[in-house]
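Here's the structure we're looking at; comments come further down.
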Amino acid sequence: MSRGHTTAGHEYPEIPAETLLTVEDLRTTFDTPRGKLTAVDGVSFELEAGRTLGVVGESGSGKTVLSRSVMRLLPKRGATSTGRVRFNGHEMVGLTQKQLRGIWGTELAMVFQDPMTSLNPTMRIGNQITESLRYHLGMSSSEATEHAVVLLSSVGIPTPERRLHDYPHQLSGGLRQRVTIAIALACGPRLLFADEPTTALDVTVQAQILDLLAAQQRERSMAMILVTHDLGVVAGRTDDIAVMYGGKIVEQAPTKTLFAEMRMPYTEALLGSIPRADQPSHTPLQAIPGRPPDLVSPPPGCRFAPRCPYAQPRCRHEEPPLREAPTKGHRFACWFPVGTPEGRQALEENRVRGVALDPARSVTT
Amino acid sequence: MTTNDALLSVENLVVEYPVGRGRKVHAVSDVSFDVQAGETLGVVGESGCGKSTAGKAIVQLPRPTSGSVLFEGTDLVKLDGDQLRRFRPRLQMIFQDPVSSLNPRRRVEDIVGDPLSVWSAELESSVASKQERKAKVAEVLEAVGLDPVSAAGRRPHEFSGGQCQRISIARALVLEPKVLICDEPVSALDVSIQAQIINLLEAMKARFSLTLVFISHDLAVVRNISDRVAVMYLGKLCELAPSDVLYRTPAHPYTAALLASIPEPDPAIVPSTTGRLTGELPSSIDPPSGCRFRTRCPRAEERCAAEEPVLREVATGQRVACHFPLVEARPAAPANVASQQSA
Ligand SMILES: Nc1ncnc2c1ncn2[C@@H]1O[C@H](COP(=O)(O)OP(=O)(O)OP(=O)(O)O)[C@@H](O)[C@H]1O
Ligand SMILES: Nc1ncnc2c1ncn2[C@@H]1O[C@H](COP(=O)(O)OP(=O)(O)O)[C@@H](O)[C@H]1O
Ligand code: SF4
Ligand code: SF4
Ligand SMILES: [Mg+2]
Ligand SMILES: [Mg+2]
């Protein structure tokens, strides 16, 4: 795929790529009663200005912890995060809370799954927006109010002047999420983290919110990291996708390449398990048996091996490295990749041996 | 409207919740539909449109404000408490949140086995002895894909969300129900686990000859599992059709808008913003006059505010409540009796 970026299908002219975010060997652990839990385990990626990266994976795969580690928004106690995060000229790891506060909201903003977690329930929404504008941009009270009205109307909130006086609980889930987006966009960030921004919403509202994010992103040439468990949500709306499993990126590629040439059996399984509205009813779904690994004591070798229909003895003791595929920007971690002779042979051997996993049954434990 | 061979017929169902000062939420307003023995009826619609309320009214928990619910010809609404008790085991319900719907202090064996003692007097096949009960519990645990030996003694928190949903399905199946009402049974689960549970429900339906009512806001999931689909908006039934017909040629503008919102897991399909619903859902305390969808409907005309559209058939088995449907009714055909039957 060319560099000219194609967010939400709009072709843009070639612009010189500027790396906005570089993450290197990021590793985040939590101390838990059961031992050390490695939620993000050696993740590296880059994001260019104005582009959209989708991060997908099952729950518990480390998507949220990855986002929070990049933003340096981790709990003060019990969390340890190492590696390098270079964002817009800052080396984020090691910055003080005070320095971080100058970056959050201005250059780097976020929208979470539950809008209530980022809204203050006891404060009128108008004040929540103007507070940020006055603090970060030094606007006067009246300037800030004027700007807040513009922002609310830009995120599709009808009668914004009236809404300024509402408290969050007076708004529907969809409107609340629009307000958090307005707040996130208030200071014109270069990068927006959207962590499951629509998971709690109805399909109709989900579509509206995703359209809104895409439009705002285009207008502001802002980069976005869209975190979701739903491949359907990111398929038409991202330039690149990173698939996470057990705290690691197991495949990453330009979006079209990922769907056309997926190499990692987990990506294939994730796609196969989604029911599709264009398939006739009662089409059997390819469920992934079992469940994701326990990140306190992940299995040796490839973490997907216990659930993988391609798995061979080698997978159970030797971990596959993330390696480059022939297509530029495509990386994957697998010994017996989908669509290759090795992969086909592995699948066939499992079939013959009768160990093919039966998707209708789950593995107990 | 009702064919005689329907296992379940819901007629003119109304459920209202008083909310003080004489006002009430019109959660379900005059809804009628049939469910044939052995079919899966999907129910879709946005949050708050009355799906759960309708599902709960079928099992009389709580009893509806008015209307009737005929189960094998008996109107459950007219039964007194004792009479209703006899029917309870036949109609079971499973819920969205598998973890909170299971008692955390009890062992899986008891969670699944308790209904057998609670309903022992009402059950057709008696499972009187402890041995029989144990065997029955093991049988359903096995059926839902849990290992009875290792699972029986454990408690819900030791299981994942998907496994807890298997336990609640086992708990419902142990009573050998005829009808299983599933209220968002996979909405809280990851896509990968969702598929396991959908496949499981399909397998259980075949194995235990179940009839399913499957409530969900996820249109792709509903198409996958349902034979016919009912679309609800603000307490009203908008459209009812065989799933493949509904998804291919929706007749109600609201159905079309819902379908236009489904995210496609295909990068070649660029999300188009045309056909999207705009505006907010009106209040169900004071719903719009005439057609309740008119405040957001791209096809609305004056008539829509004045006159409420009634459900009518526009194609075989496809019924729609709209003055200006996207599928026009064919010229009156000879009375067609089989229209209720799903393909
Ligand atoms: N006990 C109650 N008291 C008052 N109003 C209620 C009560 N239960 C439900 N409602 C209202 O009735 C309407 C229908 O609710 P219901 O739970 O049936 O919707 P639903 O379609 O299942 O929505 P969701 O997709 O969010 O589960 C809503 O407006 C809801 O707020
Ligand atoms: N504050 C925390 N303390 C301990 N463990 C945590 C904490 N936050 C997340 N985790 C664990 O980290 C792993 C990844 O979690 P998360 O990033 O939230 O997953 P995702 O967003 O992909 O669903 C999970 O095993 C989760 O239980
Ligand atoms: S084939 Fe082996 S290396 Fe590849 S995903 Fe499966 S288990 Fe992992
Ligand atoms: S009756 Fe009128 S407002 Fe209602 S759906 Fe049909 S065209 Fe739209
Ligand atoms: Mg998360
Ligand atoms: Mg509900």
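Stretch B:Arg303-B:Arg105 to full length: gain in nm at 0.36 nm per residue minus the Cα-Cα span?
That pair, B:Arg303 and B:Arg105, stretches by 65.6 nm at full extension.
As a test of the formula, what do you get for chain B when each DSSP H run with n ≥ 4 contributes -39,500 (n - 2.57) and the sum is divided by the residue count, at 222 nm and rounded to the nearest 500 deg cm²/dmol?
Rounded to the nearest 500, the figure is -8500 deg cm²/dmol.
Relative to the first principal axis of the alpha-carbon coordinates of chain B, what is the inclination of helix B:191-207, with its axis defined by its Cα atoms, in degrees from 0 to 90 and to the nearest 10?
Tilt relative to chain B: about 80 degrees.
Give me the extension gain from A:Ser141 to A:His165: residue separation times 0.36 nm, minus the current Cα-Cα distance, reported in nm with one decimal.
Length gained, A:Ser141 through A:His165: 7.2 nm.
First select every other residue whose beta carbon is under 12 angstrom from the beta carbon of B:Ser216; then total the charges, Lys and Arg +1, Asp and Glu -1.
Net of charged neighbours comes to -3.
Quick check: the distance between the Cα centres of segment B:225-297 and segment A:279-354, to the nearest angstrom?
Computed from Cα coordinates, the inter-centre distance equals 38 Å.
Which percent of the Cα-Cα distances in segment B:1-132 go past 25 Å?
So the portion of pairs separated by more than 25 Å is 38 percent.
Relative contact order for segment A:117-188: what percent, with Cα pairs under 8 Å and sequence separation of 6 or more?
Here the relative contact order equals 46 percent.
So, counting K/R as plus one and D/E as minus one, what does the shell of residues with Cβ under 14 Å around A:Leu21 add up to?
Neighbourhood net charge equals -3.
What is the average number of partner chain Cβ atoms found within 10 Å of a Cβ in A:120-132?
Taking the mean over all residues of the peptide, I get 0.
To one decimal place, what Kirkwood hydrodynamic radius in Å is obtained for segment A:247-345 from all pairs of distinct Cα atoms?
After inverting the mean inverse Cα-Cα distance, the result is 14.5 Å.
Among B:Asn199, B:Asn224, B:Phe324, whose Cα sits farthest toward the positive end of the charge dipole of segment B:185-340 (+1 at Cβ of Lys/Arg, -1 at Cβ of Asp/Glu, about the Cα centre)?
Result: B:Phe324, furthest along the dipole toward the positive end.
Which angle between 0 and 90 degrees, to the nearest 10, do you get for helix A:173-185 versus the longest principal axis of chain A when only C-alpha atoms count?
80
Can you compute the FRET efficiency between A:Ser153 and A:Asn120 using 1/(1 + (r/R0)^6), with r the Cβ-Cβ distance and R0 = 22 Å? Round to the nearest 0.05.
0.50
Determine the percent antiparallel among the DSSP beta bridges restricted to the protein assembly as shown, to the nearest 5.
The antiparallel fraction comes to roughly 60 percent.
Using every Cα-Cα pair within segment A:117-188, state what percent have a distance larger than 15 Å.
43
Sequence gap at least 6, Cα distance under 8 Å: using those rules, report the relative contact order of chain B to the nearest whole percent.
Relative contact order of chain B: 19 percent.
Given R₀ = 30 Å, FRET efficiency for B:Ser289-B:Leu61 by Cβ-Cβ distance, to 0.05?
E between B:Ser289 and B:Leu61, to the nearest 0.05, is 0.45.
Which whole number gives the average, over all residues in B:137-145, of C-beta atoms from other chains lying within 10 Å of the residue C-beta?
Counting Cβ atoms of other protein chains within 10 Å of each residue's Cβ and averaging gives 1.
What percentages make up the Cα-Cα pair-distance distribution of segment A:45-98 when the bins are 10 Å wide from 0?
Spelled out bin by bin, segment A:45-98 gives 19, 51, 28, 2 percent.
If each of B:Arg248 and B:Ala329 carries a label point 7 Å out from its Cα toward its Cβ, how far apart are those two points in nm?
2.3
Rounded to the nearest 0.05, what FRET efficiency do A:Arg353 and A:Glu324 have when you use their Cβ-Cβ distance and R0 = 22 Å?
Efficiency computed from Cβ-Cβ geometry: 0.10.
Tell me the relative contact order for chain A as a rounded percent, counting alpha carbon contacts under 8 Å between residues six or more apart.
18
Test of understanding: extend the Cα→C-beta vector of B:Ser129 to 7 Å, then name every residue of segment B:140-183 with backbone N under 20 Å from that spot.
Residues B:140 fall inside that zone.
Just from its helices, what would the mean residue ellipticity at 222 nm be for chain A, if runs of 4 or more DSSP H residues each count -39500 (n - 2.57) and the sum is divided by every residue, rounded to the nearest 500 deg cm²/dmol?
-9000 deg cm²/dmol, from helical runs alone.
Shape verdict for the protein assembly as shown, please, from the Cα gyration tensor: rounded (a/c under 1.5), prolate (a/b greater than b/c) or oblate.
Oblate, because a/c is 1.5 or more while a/b does not exceed b/c.
Please check chain B for the longest run free of trypsin sites (Lys or Arg not before Pro) that are loop-located per DSSP (anything but H, G, I, E, B) and have at most 13 other Cβ atoms within 10 Å.
Result for the longest clean stretch: B:106-343.
Based solely on C-alpha atoms, express the radius of gyration and the Dmax of chain A in angstrom.
Cα only, chain A: 21.7, 74 Å (Rg, Dmax).
Since every read-out is calculated from the coordinates, none of them should be taken as a lab result. Here the structure is a predicted model, which means the values were calculated and not measured. Cβ coordinates were reconstructed from backbone atoms using ideal geometry, including for glycine residues, and neighbour counts include every protein chain displayed.
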